[in-house]
Each structure stands twice: as C-alpha cells, then as structure tokens.
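The values are calculated or read from the model by the stated rules, or taken from the named source; none is laboratory data. Source: prediction; values computed, not measured. No Cβ is skipped: glycine too gets one built from the backbone with ideal geometry, and neighbour counts run over all protein chains shown.
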Amino acid sequence: MEKHNLGDHLFHLVNQYLKENGLKVSRGTIVDASIISAPSSTKNKKKERDPEMHQTKKGNQWYFGMKAHIGVDSRTKLIHSVVATPANVHDSQVLSDLLHGEETRVWGDSAYTGKRETITDCAPQAKDFTQAKGSRYRALTDDERARNRNKSRVRAKVEHQIGIIKRQFGFSKVRYRGLDKNAHRLFVACALSNLVMAKKTLLRRSRLGLQASCA
C-alpha cells in the first residue's frame, strides 16, 4: 500500500469529501509536530535499532522514533497537510510543506519562531502568529507573555487532532520498521481523525438531507 502511496491518496480523498460537504479550509493554519516513539532496543534479528528512526532531545528527555508534522485549519480543526520525518528533523524545517498558501494567519509554538520569511514566501498574505521566545539574555516582556497566552488559545486546537491520532487510533508508537510504512499509517490515521472531527457536522447534514427528502 505504501509503495503506491495509497495512504496519501486516501487522506486527500477524505478531505475532498469533507470539502464537498461544506467543511472547507479557511485562511488560518496551526502548525505542530509530535514525536512517535519507536523501539530503541537492539534485541532483534539484526541486533540494531531501526536505521530510519532517530533520537532527539525534548526538554531534558531523549526520544527515539519519528515525527508527525501537521498543518491544521484554525476554524474547522481539520488536518490539511501531513509530513513524516525522523525525530531529529527540527519542526521548522518542514514548515513550508504544511502551509497551503492562502493563509492570512499562521500559528505555531516557539519551535517556529524566527520563520517569518518562510511564512511570507509560502503564504504572502499571512501574518506570523507563532509564539515569541525569550532567551538567557532577554526575557519576554509582560506584553509578549500576554500575546503568547492569546496565541496559545488558538494553537491548542491542534492538540485535539494529535490526541485523536495517538489515543483513539493508537498511533503513539510506530508499528513497523522503516519510515515509509509508518508514514502510510500516519496519513491513514490523519484521514480517519478528520472524519472523527467532522462527525457532528456530517451527521447534522445527513439528518437535514433526510428531513428534506421526506418532506
């Protein structure tokens, strides 16, 4: 299935179906990335870890695996862009692949700070609403902290999708060796997650259509 890129095709077919049912992508995108853990043990036939997975440090903890990068519509909370990489690829490196180009606003955490030029190149009309980041030599001002809190209220919407992918569809750990097979699974999980997110709207439209046909 991954050889013929069927997961990617399914993801885009589901999004086209949702668009035809009134769930269109708006002008705001929230970008985020989440680590998907892989077994770090070498107790297997090849006596080695998966060479296509890598380790990365988040906070004070090391993780081994891959990353799921997603672009989520700020209004509908639907995933419109997906990229799979090894875990050591920085979130901001695939930012351009997560934007559809018609954005007027882009939200992201501090991993995307300083990427205003990339955002402008990909979406010329977009304003940069990524989190401001302090440093050892310059702390955030009270105004910057307040703006970050306001941005976080919008940015939190992306966590709903990540929660569905990881908890409802069990994609908190990789199931296969190699990036291609797990990327295929990621695209399928994102397609299913979008259907879960759109369930209420789809059911409401179905009921209205049934009532109209019975009238």
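Take Gly134 and decide whether it is assigned to a loop (DSSP other than H, G, I, E, B) and at pLDDT below 95. For Gly134, the condition - assigned to a loop (DSSP other than H, G, I, E, B) and at pLDDT below 95 - is met. Candidates in the range 16-38 are the residues that are without any contact (Cβ under 8 Å) to a residue 12 or more places away in the chain and not aromatic (Phe, Trp, Tyr); of these, the one that is surrounded by the most Cβ atoms within 10 Å (Cβ to Cβ) is Lys19.
Do we find that Ser92 is in contact with a helix residue (DSSP H, G or I) (Cβ under 6 Å, 6 or more places away or on another chain), closer than 30 Å to Arg149 by Cβ, assigned to a helix (DSSP H, G or I) and at pLDDT 95 or above in this structure? Criteria met by Ser92. Checked against the criteria, Val25 does not count as assigned to a strand (DSSP E or B) and either at pLDDT 95 or above or under 25 Å from Arg116 (Cα atoms) (or both).
Condition check ((1) under 16 Å from Leu98 (Cα atoms); (2) surrounded by 11 or more Cβ atoms within 10 Å (Cβ to Cβ); (3) of a type in the set (Val, Ile, Thr)) across all residues:
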{"position": "Phe129", "(1), (2), (3)": "yes, yes, no"}
{"position": "Gly134", "(1), (2), (3)": "no, yes, no"}
{"position": "Arg149", "(1), (2), (3)": "no, no, no"}
{"position": "Val158", "(1), (2), (3)": "yes, yes, yes"}
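Which of the residues spanning the range 141-174 are free of Cβ contacts under 8 Å to residues at least 60 places away in the same chain and aliphatic (A, V, I, L, M)? Scanning the range 141-174 gives Ala146, Ala156, Ile164.
Give the number of residues within the range 114-131 that are farther than 18 Å from Arg155 by Cβ and outside any helix (DSSP H, G or I). Full working, then the answer.
The first filter runs over the range 114-131 and keeps only residues farther than 18 Å from Arg155 by Cβ, leaving 117, 120-122, 124-125.
Next, only the ones that are outside any helix (DSSP H, G or I) stay: 124-125.
Adding up the residues that qualify gives 2.
Picking from residues in the range 39-60 that are within 21 Å of the chain's Cα centre (by Cα) and in contact (Cβ under 8 Å) with a residue 60 or more places away in the chain, the one that is surrounded by the most Cβ atoms within 10 Å (Cβ to Cβ) is Met53. For the range 33-74, residues that are among the β-branched types (Val, Ile, Thr), assigned to a loop (DSSP other than H, G, I, E, B) and closer than 27 Å to His160 by Cβ total 0.
Restricting attention to the range 99-113, does a residue exist that is basic (Lys, Arg), assigned to a loop (DSSP other than H, G, I, E, B), touching a residue at least 12 places away in the same chain (Cβ under 8 Å) and buried (at least 16 other Cβ atoms within 10 Å of the Cβ)? Give the derivation first.
Narrowing the range 99-113 to residues basic (Lys, Arg): 105.
Those left that are additionally assigned to a loop (DSSP other than H, G, I, E, B): none.
The answer is no, given that none of the residues of the range 99-113 is basic (Lys, Arg), assigned to a loop (DSSP other than H, G, I, E, B), touching a residue at least 12 places away in the same chain (Cβ under 8 Å) and buried (at least 16 other Cβ atoms within 10 Å of the Cβ).
Would you pick out the residues in the range 75-86 that are surrounded by fewer than 22 Cβ atoms within 10 Å (Cβ to Cβ) and assigned to a loop (DSSP other than H, G, I, E, B)? Those that are surrounded by fewer than 22 Cβ atoms within 10 Å (Cβ to Cβ) and assigned to a loop (DSSP other than H, G, I, E, B): Arg75, Thr76, Lys77. The residues in the range 38-63 that are charged (D, E, K, R), over 14 Å from Gly178 (Cα atoms) and modelled with pLDDT under 90 can be counted, and the count is 4. Any residue in the range 142-154 that is under 17 Å from the mean Cα position of the chain (by Cα), of a type outside the set (D, E, K, R) and assigned to a helix (DSSP H, G or I)? So far as the range 142-154 goes, yes, one or more of its residues are under 17 Å from the mean Cα position of the chain (by Cα), of a type outside the set (D, E, K, R) and assigned to a helix (DSSP H, G or I).
Screening Leu202, Leu186, Leu195 for residues that are outside any loop (DSSP other than H, G, I, E, B), modelled with pLDDT of 95 or more and under 18 Å from Arg75 (Cβ atoms) leaves exactly one candidate, Leu195. When the range 165-178 is examined, which residues are found to be surrounded by fewer than 20 Cβ atoms within 10 Å (Cβ to Cβ) and either touching a His at 6+ places or on another chain (Cβ under 6 Å) or part of a helix (DSSP H, G or I) (or both)? Selection gives Lys166, Arg167, Gln168.
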